1. Could you please let me know if residue 289 is among the small types (Gly, Ala, Ser) and open to solvent by 10 Å² or more (accessible area, probe 1.4 Å)?
2. If you go through the stretch 123-167, how many residues are closer than 25 Å to residue 260 by Cβ and either surrounded by fewer than 16 Cβ atoms within 10 Å (Cβ to Cβ) or touching an Asp or Glu at 6+ places or on another chain (Cβ under 6 Å) (or both)?
3. Assess whether residue 323 counts as being under 19 Å from the mean Cα position of the chain (by Cα), part of a strand (DSSP E or B) and within 30 Å of residue 235 (Cβ to Cβ).
4. Considering each of 337, 317, 255 in turn, give the residue that is assigned to a loop (DSSP other than H, G, I, E, B), within 22 Å of residue 42 (Cα to Cα) and out of contact with any strand residue (DSSP E or B) (no Cβ under 6 Å at 6 or more places or on another chain).
5. If you go through the stretch 330-350 one residue at a time, do you hit one that is surrounded by fewer than 16 Cβ atoms within 10 Å (Cβ to Cβ), closer than 17 Å to residue 106 by Cβ and not aromatic (Phe, Trp, Tyr)?
6. Between residues in the stretch 366-389 that are in contact (Cβ under 8 Å) with a residue 12 or more places away in the chain and residues that are among the acidic types (Asp, Glu), which pairs lie under 6 Å by C-beta distance while being six or more apart or on different chains?
7. Suppose we filter the stretch 382-402 for residues that are open to solvent by less than 10 Å² (accessible area, probe 1.4 Å) and more than 15 Å from residue 325 (Cα to Cα); how many remain?
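The values are calculated or read from the model by the stated rules, or taken from the named source; none is laboratory data. Fair warning: this is a prediction, and the values are worked out from it, not measured in the lab. We place every Cβ from the backbone using ideal geometry, glycine too, and count neighbours over all the protein chains shown. Just the protein is used for accessible areas: all its heavy atoms, side chains included, with ligands, DNA and RNA removed. Shrake-Rupley method; radii C 1.70, N 1.55, O 1.52, S 1.80 Å.
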Amino acid sequence: MKTTRRKFIGQMGLATAGTLFVPLFLKGFDSVAANSIKNSNKKLIIIQFSGGNDGLNTVVPFRNDIYYKKRPQIAISKDEVIKLSDEQGLNPALLPLKKLYEEGEFTIINNVGYPNPDRSHFRSMDIWQTGSSSDEYLSTGWLGRYLDKIYTENKNAHFALEMDDTLSLALKGIKKSGFAAQDLNRLKRTTSTPVVKALLENQNNILKSNLKPHHDHSHDEQVSYLYQTLSNTAASSEYLFEKNKVGKTSANYPNDRFGKDLQQVSKLISAGSDSQIYYVSLNGFDTHANQKNQQERLFKSYAEGIEALRKDLKKTNDWNDTLIMTFSEFGRRVGENASRGTDHGTANVVFLAGGNLKKKQFVGQAPNLTDLDNGDLKFKIDFRQIYSDILKNWLKTDSRSILNADFENLGLV
């Protein structure tokens, strides 16, 4: 049975580019050094709240009696809410974001979702990450298709960087995908071990020996592709390590995984890295039980991390060229459950942050708690409208060719 290139790469465990052992002597490193391309100054940071964040306890409708009636144990009291408008305010753990909101650097988009919502974590996350309809199953992500569209030979793997050991579907394209690496120092150590050096030397000797190609051309193609992938990975890991080493930060980031990821992003941006897209996850939002404390702990880390990142990027004059979008795969049901938590729901809030937002503060009306769909909020804004805006107005590309449809522009950026 013939093995396809994609299947071969999958069998070799290469889906996570950042974990590879790599021959550093291959020409990829030279390629990075020589082609340190000047990309657009615009940076895009995607933050994913994994688990399905409860939007109603995030941006609280504190004037709505139905909210308090439906949530007698977990509602945020009126006294605690950080009030932003006459109707809505922030969870108190998000206090650092109030300053951004007041200065027009933080936008809250209400009632975001999609038709025929799916309450499965995996399926709904796929829909958000691919930018598909609920009845479509795509194998590429919306940002991966953006990478495909702008693909050139000198676009390096780290042009889109996920701070993780595995690459999300959002960053997977056909010709080009992003690069996944959570700890750049660890990756550098991994690619510098004696074992790796021995492999490199061995491969170098094979190349010098000028051996005849294998008679199976498909095999040769697979091996060639494998080594090209290895080469690109080595090049990116070396490049990112050096940028991370010289990058400067002075703000205080939360002492957890999320805080360290944002600090690493800040270092890379301040060092002038040619990465344009960064993808960071904050896990733990599947709050079926004892939601309040867990959600507030995550919000504290998120808000303090954004505050620190903003402080650093303002200092390096990068804040106005940075757009941060925060989303979750779905919201939660309006009513609380018996375990002081909430179950999977539908529409939710999406956050934008940055120094160059066109739509500031709130977009869309507060959730209507008298017009529900079997206990769930009805969406008013399709999440792909936000993607379309970002693609068209921030990344300056044709959004239709990536989203396969036209979506009404919201004028967000």
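1. So residue 289 passes the test.
2. So the count comes out to 5.
3. yes
4. Checking each option against the conditions leaves just 317.
5. No, the conditions are met nowhere in the stretch 330-350.
6. Close Cβ pairs satisfying both conditions: 366/87; 385/408.
7. Summing the residues that are open to solvent by less than 10 Å² (accessible area, probe 1.4 Å) and more than 15 Å from residue 325 (Cα to Cα) in the stretch 382-402 gives 2.
Quick grid of which residues meet (1) more than 20 Å from residue 337 (Cβ to Cβ); (2) basic (Lys, Arg); (3) out of contact with any Gly (no Cβ under 7 Å at 6 or more places or on another chain):
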site: 64; (1), (2), (3): no, no, yes
site: 68; (1), (2), (3): no, no, yes
site: 75; (1), (2), (3): no, no, yes
site: 78; (1), (2), (3): yes, yes, yes
site: 88; (1), (2), (3): yes, no, yes
site: 109; (1), (2), (3): yes, no, no
site: 117; (1), (2), (3): no, no, yes
